[in-house]
1. Which stretch or stretches of the stretch 347-367 have amide N atoms under 19 Å from the point lying 7 Å from E337's Cα along the Cα→Cβ direction?
2. Please turn the phi angles of the stretch 456-469 into ³J(HN,Hα) values with the Karplus equation 6.51 cos²θ - 1.76 cosθ + 1.60 (θ = phi - 60°), one per residue in order, whole Hz, x for glycine and proline.
3. Take I554, I264 and order them by how many other Cβ atoms sit within 10 Å, fewest up front.
4. From the phi angles alone, apply the Karplus equation (6.51, -1.76, 1.60; θ = phi - 60°) to the stretch 319-332 and give each ³J(HN,Hα) in whole Hz, x where the residue is Gly or Pro.
5. Once you put a point 7 Å from the Cα of Y350 and another 7 Å from the Cα of T657, both along the Cβ direction, what distance in nm separates them?
6. Stretch E753-S300 to full length: gain in nm at 0.36 nm per residue minus the Cα-Cα span?
7. Based on the Cβ-Cβ distance from S318 to A61, what FRET efficiency comes out when R0 is 41 Å, to the nearest 0.05?
8. If I model a spin label as a point 7 Å beyond the Cα along the Cα-Cβ vector, how far apart are those points for D722 and R583 in nm?
Amino acid sequence: MDMRPTPGTIGADAVIEPTRSSRRASAAPQVQPLRPNPEFMHNPVANDLVQRFSAYQQRSADLVRDTDTIRRAYAVAYEAHAPQKRASGEPYIDHPVAVANLLLDLRLDVNSIAAALLHDVVEDTTVTKEQVAQAFGSEVAHLVDGVTKLSALEAQTKEEAQIGTYRKMFIAMADDPRVVLVKLADRLHNLRTIAVMKPESQQRNARETLDIYAPLAHRLGIWQMKWELEDKSFALLHPDKYQEISRALALRRDAREKIIQRVIGRLRQVLDKEGIKADITGRPKHIYSIYRKMERKGVSLDQIYDQLAVRVIVSTLSECYQVLGIAHSMWPPVPGEFDDYIANPKESMYQSLHTTVLIPGGQPCEIQIRTQEMHEVAEHGIAAHWRYKEGFGRSDASFEAKLAWLRGLIEWRRDLTDANEFVESLKSDVLEEQVYVFTPKGKIIDLPVGSTPIDFAYRIHSEVGNRCVGAKVNNRMVPLDYQLQSGEIVQVMTTKNPRGPSRDWLNFVQTSGARNHIRRYFKRLRRDENEAAGRDLLEKELKRLGLNIPYEEIAQLAGMRTIEDLFANVGSGDITARTLVQRIMAQRNHQEEELADLPQLTPPPERRTDAKGISVRGVDGVLTRLAKCCHPVLGEPIVGFVTRGKGITVHRADCRTVINERDRARLVEVTWGEASPQHGHPVLVRVEAWDRVGLWRDISGSVADAGINIQEVQQIPTRKPDRAILNVTMLIQSISQLSNILDKLNRLPDVIEARRENSGIAHSA
């Protein structure tokens, strides 16, 4: 589908509009029927497709009708794509046939195979969706339409068309998940044959695959496709790293295989004695997963790839647990490395026992134990449901229940009018890395990494979120911004008297579902309440960061007509005060750069003067230093003050020293240079807290975890014996980094307030 062919024709006796635009411009009252050529229906390729399908559908009562459908679909696709060539020069029909064969590998139903053969005819030829529906039924037409890209006539820009295509596919997927199976097979074959495309196209397709399609295959449990999509995309994006890992794996393959075979041999020997028939194999390691683990854990390849994995497939559920006990009696299990996904299946329907044991030599070896049926689902996910004729089309309560999570995640997003917001919300909630937590009743809930009890509450139900007043994790009280970890049991505490969510929740919730429910709640409030709340939130954020920006300027830069509109938008949750301030700072700096670049009569050169990365306009070779009264940070508006004998002192633009300076001639224009220091700029942060043992340890630990150096710490005397006030000078690189560390400090237990201390900043009333 990614290859752009020349439009073809179909059916010599058919009357079909010559172009898509003319077709859409004048809707014909009658659909011209498709007439597949019998010669094409029985050529060797069609025969091979039918033979492969019949091999796993022998017992179907509708086998004759189904094989005829496949033959007709092939003939229609063959004739429609006949004039077209792929970028490689091969006949275009080779692509839909390859896609169909990938779905035949999954042993899918007849409608999926027909849709695979026809998936490009509506997009790239003169065949219409209506013609497909008439010839092959509404199901096939729906599948084909779901993977059909939006045309230039349906979108203003290429980017808009792409985002709109994603939205269209996801919504179609909620109605029929087979849409994604066809699309994944389409994308996989395109990656297998992508070498003929331009490097930039290869990179774009690879990034899109890692962002959208591989995570989607993961969520739907289609591991067979997921691994190949990831590895091929990784090889395109990072060829050197891919080759490095691949070569290292190859060098030690023989040694690794010998160890695996010894483990398999020993385990099989014991199972045979117990009368358990099992299929035991080594589990292959995938290069992209190794790379991700290296990056996530910050370890070298040697610490990753020599970990071993064995898979045991047995006949019955009871044998799964029997094998687990035998494995633990043979080798000591690693504490904390056991997961029972049989008793608690993942929402993708995945079931298996996972344990890690220490084999002789002290090497960890993962053992996965499952039945053959579980293995089919584990390898092929939702595709396993349509392996046989009786799968789709009949009532299957179990399957529908298992897919409820998918449909639920997509359904509420139908109301989102912004296609980009729709896709971004799905990417963050569905496609990114997940944590798996439990309800008190043992149900598994999966959430994006970084999710909080609030995200959990809204995933359960919007009313649970709105009534949430606290949370317990593993029976221990936690703050509502606590980041959940896999395996934890989460209990939400609610109040009978609904008081609604807090606007502060918008600063830390991770899922778009929670975010939108909170916003929706506040939008229902009176405008005057939102204005008052928005003003308060904005004031607090500016004070927290030590900034003094007029509300009029913020409203103007944010594109708001009035200050009241600004406050109302912040109060309703349409934009958080934190996001707004950071965006304004970025825009402010951009505008200043643009003004600085305006042509002048005698434009002075801009020179970098020192290692601090400060650029001074019109002056070369002068020493600069940062003012200690206001401690400017990268990203803030700054101005230089010529100090006799000491060079130029750089102040924040709103520093009281600068504002009160009478000799304006000593002020010079300075900007942050491209090579600003990595060590950061000193910023004074005031932390007020209830005094306790371990307070400083927690503060310094949070700062260190954020990668920030502490330059100086001063304890401020206080008359309150139970209070502690610390002035901490940190080396901060940017406003966003400052905002993040203040967030972390304010979340610490017993911290009353952490804010930037600016004795030299002028504040307006």
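1. Of the residues in the stretch 347-367, 352-367 have backbone N under 19 Å from the label point off E337.
2. Result, rounded to whole Hz: 4, 4, 6, 5, 5, 5, 4, 5, 4, x, 5, 9, 5, 10.
3. On the way: I554 22, I264 17.
Fewest-to-most Cβ neighbours within 10 Å comes out as I264, I554.
4. 5, 4, 6, 5, 5, 4, x, 5, 4, 6, 7, 7, 9, x
5. Roughly 5.7 nm, to one decimal.
6. Residue separation times 0.36 nm, minus the Cα-Cα distance, leaves 159.1 nm.
7. Calculated transfer efficiency: 0.75.
8. Each label point lies 7 Å from its Cα, and together they span 4.2 nm.
Read the figures in this text as sums done on the coordinates, not as results from a lab. Here the structure is a predicted model, which means the values were calculated and not measured. Ideal geometry is used to build each Cβ from the backbone, glycine not excepted, and the neighbour counts take in all protein chains shown.
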